[in-house]
Amino acid sequence: MGETIECRVDAVARGRAVHQLQLTATVGDRHIFTALGAAAAARPNGIAGPGRTMPVVDPPDQATSLGVTSRERDAESFLARQSAGDGAG
């Protein structure tokens with residue numbers, strides 16, 4: 001309470017249409033946070049590009065099971081070792 005947060009803004013990158021800025025906040029010698037932001041000039045046709053297309057897949061209830069995942073297998077192995085009294089893991 002009663003402390004002043006000092007904010008400094010530095011231009012990280014300046015382009016023709018996009019600028020990236022970094023804000024650093026400190027209280028005395030203590031670093032509080034850093035934030036990175038970007039701002040752009042409006043384009044006549046907005047943002048455009050080819051992007052990626054989502055694949056066509058079956059609904060979850062119709063999908064083919066892939067079996068037990070490696071994460072589940074690792075958990076099962078760990079639990080089996082624990083119940084057997086083997087604390088390694």
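All of the numbers you see were taken from the coordinates with simple rules; none came from a lab. In this text the structure is predicted, and so the values were computed from the model without any measurement. Positions of Cβ are generated from backbone atoms using ideal geometry, with glycine treated the same way; all protein chains shown enter the neighbour counts.
In the set [x] 26, 18, 13; [y] 47, 33, 10; [z] 89, 8, 4, the label that goes with semi-axes √(5λ) of the Cα gyration tensor in Å computed for this structure is [y].
Put a plus charge on the Cβ of each Lys and Arg, a minus charge on the Cβ of each Asp and Glu, and nothing anywhere else: the dipole of the chain about its Cα centre is then about 580 debye. Compared with the dominant principal axis of the Cα atoms in the chain, helix 70-83 is inclined by about 60°. Working from label points 7 Å from Cα in the Cα-to-Cβ sense, the residue 75 to residue 38 distance is 3.6 nm. Summary value for the chain: 15 percent relative contact order, contacts being C-alpha pairs under 8 angstrom separated by 6+ residues. Between the residues 41, 24, 9, the greatest Cα displacement towards the positive end of the dipole of the stretch 1-41, with unit charges on the Cβ of Lys, Arg, Asp and Glu, is found for 41.
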